[in-house]
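The values are calculated or read from the model by the stated rules, or taken from the named source; none is laboratory data. In this text, all values refer to a predicted model and were calculated from it rather than measured experimentally. Every residue, glycine as well, gets a Cβ built from its backbone with ideal geometry; the counts of neighbours run over all protein chains shown. With ligands, DNA and RNA removed, areas are computed over all heavy atoms of the protein, side chains included. Shrake-Rupley method; radii C 1.70, N 1.55, O 1.52, S 1.80 Å.
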Amino acid sequence: MKSLDKTETAARNKQNYLNAKHAFNNKKLDEGILFYAPDHQVKSKQSEKGRDGIRKFFEGLHTTWPDIQIKVEHAVAEDNWVMGRSIATATHSKVVLGIEPTGKTITAAFWDLHLFDDDGFIIETWNLLDNLAIMQQIGSLK
């Protein structure tokens, strides 16, 4: 098998990143977790290691925000790294942070940085979410 140069590696990883987001939006978790390495680790918070951990994280998001959709606004790839800036949109239809559902459409920006292995699987992830925007929109902050 031919090894990829840096440009081809970056393009493959960026496409895998976008494909993982597409699977998430379509609630195809079995498909989506396959973009993550079996020993994947979220580095920005303490969480369960591996695909089971990422599945639980995704399931939790879909439970809390059943209609959540992620729109990738920017994705930049370099070698084995992909950085994305996205907008998440969802209806506040469940209790969140102790706040009863408002029925409001909530939007929040988030950034995620992913390290890929040589086979194109995500092995490490860092996430940063604009939690303040969510808290303001659901009414937990005035």
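Residues ALA75, ALA37, ALA90: which one is more than 25 Å from ALA11 (Cβ to Cβ), surrounded by 15 or more Cβ atoms within 10 Å (Cβ to Cβ) and small (Gly, Ala, Ser)?
Numbers: ALA75 fails: more than 25 Å from ALA11 (Cβ to Cβ); ALA37 fails: more than 25 Å from ALA11 (Cβ to Cβ).
Selected residue: ALA90, the only one of ALA75, ALA37, ALA90 that is more than 25 Å from ALA11 (Cβ to Cβ), surrounded by 15 or more Cβ atoms within 10 Å (Cβ to Cβ) and small (Gly, Ala, Ser).
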Next item on the list: For segment 93-122, enumerate the residues that are open to solvent by 40 Å² or more (accessible area, probe 1.4 Å) and either touching a residue at least 60 places away in the same chain (Cβ under 8 Å) or closer than 17 Å to VAL82 by Cα (or both).
Entry: TRP111, LEU113, ASP118, ASP119, PHE121
Checklist line | Subset of segment 40-61 (residues that are more than 12 Å from ILE122 (Cβ to Cβ), in contact (Cβ under 8 Å) with a residue 60 or more places away in the chain and open to solvent by less than 60 Å² (accessible area, probe 1.4 Å)) | finding: SER44
Checklist line | Complete set of residues in segment 123-142 that are within 24 Å of LEU18 (Cβ to Cβ) and either open to solvent by 60 Å² or more (accessible area, probe 1.4 Å) or without any contact (Cβ under 8 Å) to a residue 12 or more places away in the chain (or both) | finding: TRP126, ASN127, LEU128, LEU129
